[in-house]
Every structure is written in C-alpha cells, then in structure tokens.
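Below is one structure; the comments refer to it alone.
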Amino acid sequence: MKNSTYNIDSTSNSNTLKLGLFPLTAHLMPGGRMQLRVFEPRYIRLVRDSLRNEQGFGLCMLNPDGDVAKNEHIHPIGTLAKIVDFETLNDGYLGITIAGESLFDIHTIETEKDGLRTASVSFRNRLAEVTKVETESTQECELKERLQEVFTNYPEFAGLYPEQHFDNAEWVCNRWLEILPLAAEAKQELLAANNLRVTQNYLQCLFAENNEDEQSEDESSTRKQKHGSI
C-alpha cells in the first residue's frame, strides 16, 4: 500500500527504472565507495532485494527543509549504488560496502507500507570526456595532489579503493564532493550543471578561500606575538 507520492520534473530522456531509495546524510558519487551499517527492517529488505535482483539501490541526499510526509526530504539527484561486499558485524547488524555507479534523476517517489521509499528514476548521461592534454592545469594538479594527501593520511579510507584514479579529473572531483562538508543543495547544483569545469572551478575557489583564511589567521597570530613581546 502506497501512502504518498512526490513528483519531480526531469529533463532526462533515458528509460525509467524503479529503485529502492536509501536517503543518507553522507554522499556517494559515481566511482566512490562507502561502508554502511544497516539495521532498520525496511533497509534490510532493500539490501536483500538488491542482492537478489542484482540491480542495486538509490543512495540519495537528504533535504533537511523538505516535508517528510510528502517525500520532499529527498533531493532529486541520486546515485545508483551496487553492493560489492557484506558481512555480519559484531553487534549483529549487517555491514555492507557499496560502490557508486551512475547518477539518476528522480521522477516520482512512493512510500511503501514499511516506510521504504521507492522511486521512478532515469539515468543521466556521463559527463562528456574532457580533451586530454599533455600537461595538467595548475587547478587539476592541486585538486589531485590534495586528494592524494587525504588518501595518504587516512589509510582506512584509501583501503576502500583497490583502484585509485588520480589522473581522472572526474573521479578526483567526485571524491571531493563526497569528502567536503558542503550543503547537499550546493552539491545538487553542481550535479545538475553536469559540467566538470564548473565543479573544478568551484572546488578551486573553496581551496583558495581556505588558504586566504589560513593566511589571515597566521598574520593575526604573528601580530599578537609581536605585541606580546613589546
């Protein structure tokens, strides 16, 4: 028995598919990996059905301002997630490792009797390939090098990725969109733009602003030290 439906307009022309949804505060993009601890019966069913059908499920971003009763708490662009590993955890709950496959647009959301949301979705086309040049831009180099530092400093995170594609600009940007604590609305806007250069510029601006803030803090600290030594 369905008790609510949420309609979302979409310009995608792809064929539609029905997917179970897993709304989450953490975000997964294509090429990403994530470990989840599953305990609610509706999501246990979602995992079971996904394994049986080999179809995967939709991982979606939560909208804190959306009406839950109308299913407006789920943002309209999600990621198809496939289960690549699962285990029973020490606390008895189910642990799964998922891999992000493709982005999709939600057309309608329905709520089933146990509270599980399902949606009619259409898959987005992959980003157009960026022409490969012999020399990476300064922008691409910084994004790649900073991400490599993250993987080096957090080996448990790096361990999720048996294959790492630091020379793939789209892969690098997707990892930053997962890692950075940006509002879901900002990430949705970038995904809707479907433009790698727009995402790169956005990330580069964030890093530049952060560098300026750190420089200002250092200068302020230096002034305080000098004042204290007078």
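The values are calculated or read from the model by the stated rules, or taken from the named source; none is laboratory data. Fair warning: this is a prediction, and the values are worked out from it, not measured in the lab. Heads up, the Cβs are rebuilt from the backbone with ideal geometry, glycines too, and the neighbour counts pull from every protein chain shown. Just so you know, the surface numbers come from the protein's heavy atoms only, side chains and all, with ligands and any DNA or RNA stripped out. Shrake-Rupley method; radii C 1.70, N 1.55, O 1.52, S 1.80 Å.
Looking at this structure, is Gln164 touching a residue at least 12 places away in the same chain (Cβ under 8 Å) and part of a helix (DSSP H, G or I)? No: the conditions fail for Gln164. Tell me which residues, restricted to region 78-115, are among the aliphatic types (A, V, I, L, M), under 26 Å from Glu189 (Cα atoms) and touching a Phe, Trp or Tyr at 6+ places or on another chain (Cβ under 9 Å). Within region 78-115, Leu80, Ala81, Ile98, Leu103, Ile106, Ile109 meet the criteria. Can you pull out every residue in region 181-202 that is among the hydrophobic types (A, V, I, L, M, F, W, C) and either open to solvent by 30 Å² or more (accessible area, probe 1.4 Å) or on the phi > 0 side of the Ramachandran plot (or both)? Hits for region 181-202 are Leu182, Ala183, Ala192, Ala193, Val198. Among the residues making up region 31-56, those that are under 11 Å from Ile83 (Cα atoms), within 14 Å of the chain's Cα centre (by Cα) and open to solvent by less than 40 Å² (accessible area, probe 1.4 Å) are Met34, Leu36.
Would you mind stating whether Ala158 is surrounded by 15 or more Cβ atoms within 10 Å (Cβ to Cβ), at pLDDT 95 or above and small (Gly, Ala, Ser)? It is false that Ala158 is surrounded by 15 or more Cβ atoms within 10 Å (Cβ to Cβ), at pLDDT 95 or above and small (Gly, Ala, Ser).
Applying the criterion of being assigned to a loop (DSSP other than H, G, I, E, B) and farther than 22 Å from Ile109 by Cα to the residues of region 66-93, the residue that is most open to solvent (accessible area, probe 1.4 Å) is Asn90.
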